[in-house]
């Protein structure tokens, strides 16, 4: 910063601090408050976004746990079974060949999610044609 600019900046700062009119001081104070409020809003938005991202990742992880558990069950045909996560709800969709497999899939999923999530069972029983 060159010398005349430094002098002007210093004079401006002194003018604001000492000789500024009440209206000028009020305007400076309002601008400072606006900056503080904007910063607080930005911090709040960042925290909210971080929380939403964390929850989204937790939901996806739970859906993957359910998917893995259902896929590893030897008594289930999971070829037409789909798992979706929406909020704290894991939804089972698609088709299974029997009511027993529908019940088994729902039981396994409920055992994985515990009380933190709920299971919405939209599986349809479609018997294989002979």
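Approximating the spin labels as points 7 Å out from Cα along Cα→Cβ, the residue 41-to-residue 56 distance works out to 2.2 nm.
Quote to one decimal, in nm, the extra length available between residue 125 and residue 93 on full extension: 0.36 nm per residue of separation minus the C-alpha distance between them. Write down the numbers at each step before the final one.
Working: separation 32, 0.36 × 32 = 11.52 nm, distance 1.07 nm.
Taking residue 125 through residue 93 to full extension adds about 10.5 nm, to one decimal.
With a Förster radius of 25 Å applied to the C-beta separation of residue 74 and residue 115, the computed FRET efficiency comes to 0.40. Counting DSSP beta bridges in region 26-130, what percent are antiparallel, to the nearest 5? Taking every DSSP beta bridge within region 26-130, about 50 percent pair in antiparallel fashion. Using a simple spin-label model with pseudo-atoms 7 Å out from Cα toward Cβ, residue 65 and residue 86 lie 2.2 nm apart.
Read the figures in this text as sums done on the coordinates, not as results from a lab. Bear in mind that the values here come from a model prediction, so they are computed numbers and not experimental data. When we count neighbours, we look across all protein chains shown, and the Cβ atoms used for this are built from the backbone with ideal geometry, even at glycine.
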